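Encoded as structure tokens, the structure appears first; notes follow it.
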Amino acid sequence: MNALSWLNSGVVWLEWTPRTLHVVQGVLARSWPLERGAGGNLSAACKTTLTKELTAFLDRKPWQPRAEARCLLPAGGVTLRRWKVPRSGEDETRRVLALQIESEFPLSPDELAWGWMKVGETGALQDVLVAAVRKASVAEILGLLEACGLAPRFTLAALARARCMVPRNPGSVGEAWLHVGPDPSEWLTMDGAGPTRLRVLSWSEQTLVREWSSTAGVAPDVAERWLNRLLTEPGPLEDAAKPGWDAAIGALAGAVPIPRPAGCIRVTGRLAGVPLFRASLAERLGPGGVVESGEPDGDRTLPSGIRRLQEDAAGRTLPAGLWLTTQVQEAPTVLNQATPRKWAAVAGLLLLGVLLMPYIEAMVFLPGLESRVAAVKAHQDRLQMIDRQADFLRHLRQNQSPYMETLLVLGKTLPPGSKLESLNLNRKGEIALRVSTRQPQQVTEFRTQLTDSGFFSSVVIEEQSPTPDRQKVQVRISGQIKPANLRQGLAILAAGEPTNALPGVAKPGGLPGGPPPGTPPGTPPTPVMRGPIPKT
Amino acid sequence: MATRPLTDRERRTLRFGGIGIAVYLVLFFGLQIWSYAQRRRTDYQRLLREAAVWNDKLAVYDEKVRMTQDLMEKFRMDPGKLSRTSLVAQASAAIQQAAMQGGVQLGPVRETPSRASGKELTGIQLEGMGPAPSILGFLETLGTLGFPLVTETIQMSPAPMGPAQVKVSLTLLLLDFEQWKATERKPDA
């Protein structure tokens with residue numbers, strides 16, 4: 001038993017007799033009476049009842065594969081042969097035996113359910129036992145059992161009773177096995193290697209009942225009670241029963257095929273436990289006839305064939321021996337395959353893995369994640385420092401006065417001949433400047449250019465007055481520089497020639513020859529700043 | 001003393017008892033293991049969420065660090081390394097040295113006390129005179145002296161000494177990094 005045993009449906013043991021079906025599953029056992037029609041087949045009502053009740057008895061779960069059913073068949077209709085064929089592999093031997101069956105049997109192998117087992121070998125030959133039965137008789141049982149969710153395999157009950165499913169000791173002497181019961185008796189003779197002949201005798205317990213009923217003149221139910229008392233309390237017979245008993249035993253002895261084997265005769269069935277039966281039979285068989293019980297343990301709760309086969313199969317999945325097979329194998333399906341243990345295990349593991357993966361992930365990655373989050377938290381002060389520095393530097397950048405840009409704009413927009421006399425600028429972008437121009441209209445142009453530059457949000461001429469000599473115009477202008485984000489991309493700030501060529505630069509009072517050495521790169525052209533305007 | 005062999009009934013009782021104990025143990029320890037694993041998983045998921053929040057937060061810092069480094073290079077200054085006690089003296093000395101090297105003649109230099117609300121360490125008022133290019137070069141140099149200087153006001157006028165001479169009056173503010181606190185992020189909503 002292992003962890004996957006619950007996946008298996010186990011093995012079901014069945015023994016079919018002409019009138020009864022015995023089923024054993026685990027510790028449960030049950031028997032069903034069989035009703036047969038005129039042709040010997042099971043009646044439809046019997047099949048229906050049997051299918052329904054057997055399915056309920058087996059209690060197979062829908063997810064379980066078909067249970068293996070090991071069926072023991074009665075000897076009726078069975079042909080047993082011993083042949084010597086060349087030693088070869090199993091497939092080759094089976095082909096040779098099929099040819100042998102073709103030539104010696106009235107039916108072809110395709111019409112038979114047949115099997116074989118090796119019982120001995122001599123030189124290049126092997127001694128094989130072949131059993132065959134008409135396929136039609138097996139097909140009825142096969143269909144019924146498959147309808148119950150079983151995957152049946154067939155062998156002979158007589159072989160199982162005589163323990164012929166396992167190899168015999170090479171030096172065994174011949175013997176015979178006689179099975180008596182409610183159904184016709186079965187006679188199996190064996191030599192030192194294995195079975196040689198199987199016969200059905202027309203003698204049963206009912207024969208004894210009939211003899212008692214006719215010779216003693218008692219009712220059949222009284223004869224039945226005599227039989228039951230004999231089976232349960234073996235003892236001497238009543239005087240009235242003795243004639244019938246002698247007649248019945250005599251009939252059985254007469255039915256035994258000749259020649260009998262040299263060894264003893266082993267009896268199985270209910271009468272095997274009655275010493276009087278064994279003694280009477282030995283007496284009737286004549287000198288040398290030794291009759292022993294084939295069931296010395298006396299356990300008859302299970303049919304002897306099933307019990308012996310279970311003992312032989314202990315610890316093995318399928319006992320070696322003679323198993324009847326049909327030529328046409330049924331196509332394998334998911335349900336009738338053997339338990340797919342490997343795939344079931346893989347599927348189970350995958351399912352388990354899927355279910356456990358979140359937990360395994362947590363177990364594996366939690367320590368690493370904890371340490372990483374803790375490391376990040378430990379550097380939280382550093383993040384705050386970065387925030388402080390970033391804000392500080394951003395503030396520093398935003399509060400830088402745009403004086404260089406302002407000078408560049410003024411340099412490009414001052415009218416020719418004009419002078420920038422003073423310039424006040426604060427970090428709020430407020431600008432105040434004083435300019436003197438030659439012509440009054442230049443003031444208007446200057447203002448227009450300042451406004452059009454886009455650099456200022458407002459430009460106001462606070463005062464405009466001519467100089468006392470009427471040669472120039474003095475202008476006081478205030479303005480507001482646009483915020484830095486609105487100043488970006490202005491054309492006037494782009495590198496290139498100034499739009500107004502800084503009229504004061506190249507003119508008297510300017511800086512002839514361009515900027516002096518040492519001027520930082522990017523320095524705007526310097527507007528003219530001359531000395532204070534002389535006051536007049 | 002020979003031990004009496006157990007009957008089938010006794011064996012069956014022992015077997016059922018063993019199975020019952022095994023089932024109990026499996027359930028007992030199984031539930032404990034399950035609850036432990038569930039707890040670990042809950043902790044792991046909480047940490048995952050926390051890590052995602054940190055990840056989003058740190059993603060912003062990539063850009064912030066790059067911008068800070070750029071500004072540090074531009075101003076040639078690491079605010080964290082500024083010494084508050086000697087910052088005013090160092091800045092004043094650096095300004096005067098820059099003016100001297102740039103050919104600007106400095107006039108009076110005054111320091112004004114800081115305003116508490118302005119987060120400034122001090123204010124520096126200075127006057128200088130020199131050729132216009134030197135003045136411009138000096139003004140340009142102020143931003144890269146390595147001190148947090150903000151030009152509060154600037155006044156430029158012609159110097160009386162001669163043509164092309166410019167007089168400049170500057171009011172500089174020296175910011176105090178110690179008073180600076182990171183602005184707290186306001187909720188977007």
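List of remarks:
- Residues that are among the small types (Gly, Ala, Ser) and within 14 Å of chain B (Cβ to nearest Cβ) within the range A:396-422 comprise A:SER401, A:GLY411, A:SER418, A:SER422, listed in sequence order.
- Between A:LEU393, A:LEU425, the distinction of being more than 28 Å from the chain's Cα centre (by Cα), within 30 Å of B:ALA51 (Cα to Cα) and within 7 Å of another protein chain (Cβ to nearest Cβ) belongs to A:LEU393 only.
- Taken as a whole, the structure leaves A:SER108 outside the set of residues that are among the polar types (S, T, N, Q) and more than 22 Å from A:THR155 (Cα to Cα).
- Residue count, the range B:123-141 (criterion: within 8 Å of another protein chain (Cβ to nearest Cβ) and either in a strand (DSSP E or B) or in contact with a Phe, Trp or Tyr (Cβ under 8 Å, 6 or more places away or on another chain) (or both)): 2
Yes or no, residue by residue, for (1) in a strand (DSSP E or B); (2) among the aromatic types (Phe, Trp, Tyr); (3) over 37 Å from the mean Cα position of the chain (by Cα); (4) over 20 Å from A:LEU188 (Cβ atoms):
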{"residue": "A:MET117", "(1), (2), (3), (4)": "yes, no, yes, no"}
{"residue": "A:GLU121", "(1), (2), (3), (4)": "yes, no, yes, yes"}
{"residue": "A:ASP127", "(1), (2), (3), (4)": "yes, no, yes, no"}
{"residue": "A:VAL133", "(1), (2), (3), (4)": "yes, no, yes, no"}
{"residue": "A:VAL138", "(1), (2), (3), (4)": "no, no, no, no"}
{"residue": "A:PHE154", "(1), (2), (3), (4)": "yes, yes, no, no"}
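- In the range A:409-422, residue nearest to the chain's Cα centre (by Cα) [restricted to those that are surrounded by fewer than 21 Cβ atoms within 10 Å (Cβ to Cβ) and in contact (Cβ under 8 Å) with a residue 60 or more places away in the chain]: A:PRO415
- Verdict on B:ARG76 being of a type in the set (Lys, Arg), surrounded by 11 or more Cβ atoms within 10 Å (Cβ to Cβ), more than 10 Å from every other protein chain (Cβ to nearest Cβ) and more than 37 Å from the chain's Cα centre (by Cα): no
- None of A:ARG427, A:ARG394 is basic (Lys, Arg), farther than 25 Å from B:GLY137 by Cβ and surrounded by 15 or more Cβ atoms within 10 Å (Cβ to Cβ) except A:ARG394.
- Annotation: B:THR144 fulfils all but one of (1) surrounded by fewer than 21 Cβ atoms within 10 Å (Cβ to Cβ); (2) touching a residue at least 24 places away in the same chain (Cβ under 8 Å); (3) within 11 Å of chain A (Cβ to nearest Cβ); (4) in contact with a strand residue (DSSP E or B) (Cβ under 7 Å, 6 or more places away or on another chain); the unmet one is (4).
- With respect to the conditions (1) of a type outside the set (Lys, Arg); (2) within 15 Å of A:SER204 (Cβ to Cβ); (3) over 59 Å from the mean Cα position of the chain (by Cα), A:LEU271 falls short on a single one, namely (3).
- The number of residues in the range A:433-457 being in contact with a helix residue (DSSP H, G or I) (Cβ under 6 Å, 6 or more places away or on another chain) and not in a strand (DSSP E or B) comes to 4.
- Checked against (1) at pLDDT 85 or above; (2) exposed (fewer than 10 other Cβ atoms within 10 Å of the Cβ); (3) assigned by TED's automatic domain parsing to the domain that holds A:SER137, A:ASP381 meets all criteria but (3).
Conditions (1) among the hydroxyl-bearing types (Ser, Thr, Tyr); (2) over 30 Å from A:LYS84 (Cβ atoms); (3) part of a helix (DSSP H, G or I), marked per residue:
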residue: A:ARG163; (1), (2), (3): no, no, no
residue: A:LEU178; (1), (2), (3): no, no, no
residue: A:LEU198; (1), (2), (3): no, no, no
residue: A:ARG210; (1), (2), (3): no, yes, yes
residue: A:SER213; (1), (2), (3): yes, yes, yes
residue: A:GLU224; (1), (2), (3): no, yes, yes
residue: A:LEU227; (1), (2), (3): no, yes, yes
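- Some residue of the range B:90-102 being part of a loop (DSSP other than H, G, I, E, B) and surrounded by 11 or more Cβ atoms within 10 Å (Cβ to Cβ): yes
- Per this entry, A:THR232 is not counted among residues that are of a type in the set (Ser, Thr, Tyr), under 22 Å from A:LEU302 (Cβ atoms) and crowded, with 16+ Cβ neighbours inside 10 Å.
- Any hit, the range B:31-40, residues being more than 10 Å from chain A (Cβ to nearest Cβ), out of contact with any Cys (no Cβ under 7 Å at 6 or more places or on another chain) and either surrounded by 11 or more Cβ atoms within 10 Å (Cβ to Cβ) or not aliphatic (A, V, I, L, M) (or both): yes
- Taken together, A:LEU420, A:LEU369 contain a single residue that is in a helix (DSSP H, G or I) and over 30 Å from B:LYS74 (Cα atoms), which is A:LEU369.
- In the range A:274-289, the residues that are closer than 14 Å to A:GLU205 by Cα and either part of a loop (DSSP other than H, G, I, E, B) or acidic (Asp, Glu) (or both): A:VAL274
- Qualifying residue in the range A:90-98 (condition: buried (at least 20 other Cβ atoms within 10 Å of the Cβ) and closer than 19 Å to A:LEU324 by Cβ): yes
- So B:LEU106, is it surrounded by 12 or more Cβ atoms within 10 Å (Cβ to Cβ), among the aliphatic types (A, V, I, L, M) and outside the structural domain of B:VAL150 (by TED's automatic domain parsing): no
- Search result, residues across the range A:82-99 that are in a helix (DSSP H, G or I) and within 43 Å of the chain's Cα centre (by Cα): A:GLU90, A:ASP91, A:GLU92, A:THR93, A:ARG94, A:ARG95, A:VAL96, A:LEU97, A:ALA98
The values are calculated or read from the model by the stated rules, or taken from the named source; none is laboratory data. This structure is a prediction, so every number in the text was calculated from the model and none was measured. FYI the Cβ positions are ideal-geometry reconstructions off the backbone, even for glycines, and counts take in every protein chain you see.
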